[in-house]
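J.: First the structure, then my questions, so here it is.
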Amino acid sequence: QVQLVESGGGLVQAGGSLRLSCAASGNIFSINAMGWYLQGPGKQRELVALITNGGSVNYADAVKGRFTISRDNAKNTVYLRMNSLKPEDTAVYYCNAFVRTTSYSPFRSYWGQGTQVTVSS
């Protein structure tokens, strides 16, 4: 009913940049927050960046000043611009969105399948 599809991951050298995209589709009545999470080796899934439908943003301390989250509500898409990438940024990045499918339904959390980001030295 609702799916999130990520794109833009890949291999990049340290100091380089990537732009991740995540498009939500399906039975969408409205979307609240959208965000990006990472899960690397030996890590649990953790928040990278979050953006509300009003444009308020929140970043993990490790990425502040380097990553920028944005969204295009008309496209139901959230982006993550990743600059000054470091090897420690290597992880699978997952898109998340809180979506309600009807006007009377609560918001529910949906996840994308993830996109691999690998930063080499």
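The values are calculated or read from the model by the stated rules, or taken from the named source; none is laboratory data. Computed from a predicted structure; not experimentally measured. Cβ atoms come from the backbone with ideal geometry, glycine included; neighbour counts cover every protein chain shown.
J.: Can you list residue pairs whose Cβ atoms sit under 7 Å apart, with the first residue in the stretch 32-58 being within 22 Å of Val2 (Cβ to Cβ) and the second being charged (D, E, K, R) and assigned to a strand (DSSP E or B)? Count only pairs 6 or more apart in sequence or on different chains.
T.: Met34/Arg71; Tyr37/Glu46; Leu38/Glu46; Ile51/Arg71
J.: Can you pull out every residue in the stretch 92-121 that is over 10 Å from the mean Cα position of the chain (by Cα) and either surrounded by 20 or more Cβ atoms within 10 Å (Cβ to Cβ) or part of a strand (DSSP E or B) (or both)?
T.: Val92, Phe98, Val99, Arg100, Arg108, Ser109, Tyr110, Gln116, Val117, Thr118, Val119, Ser120
J.: Which one of the conditions (1) modelled with pLDDT of 95 or more; (2) over 12 Å from the mean Cα position of the chain (by Cα); (3) under 30 Å from Ser121 (Cα atoms) does Ser30 fail to meet, given that it meets all the rest?
T.: Unmet for Ser30, out of (1) modelled with pLDDT of 95 or more; (2) over 12 Å from the mean Cα position of the chain (by Cα); (3) under 30 Å from Ser121 (Cα atoms): (3).
J.: Output the residues belonging to the stretch 63-80 that are over 18 Å from Leu4 (Cβ atoms) and either in contact (Cβ under 8 Å) with a residue 60 or more places away in the chain or surrounded by 14 or more Cβ atoms within 10 Å (Cβ to Cβ) (or both).
T.: Val63, Arg66, Phe67, Thr68
J.: I need the full set of residues from the stretch 1-54 which are aliphatic (A, V, I, L, M) and either exposed (fewer than 15 other Cβ atoms within 10 Å of the Cβ) or in contact with an Asp or Glu (Cβ under 8 Å, 6 or more places away or on another chain) (or both), in order please.
T.: Val5, Leu11, Ala14, Leu20, Leu38, Leu47
J.: Okay, next question. So if I check each of Asp89, Asp61, which one is closer than 18 Å to Val117 by Cα and not aromatic (Phe, Trp, Tyr)?
T.: Unique residue meeting the criteria: Asp89.
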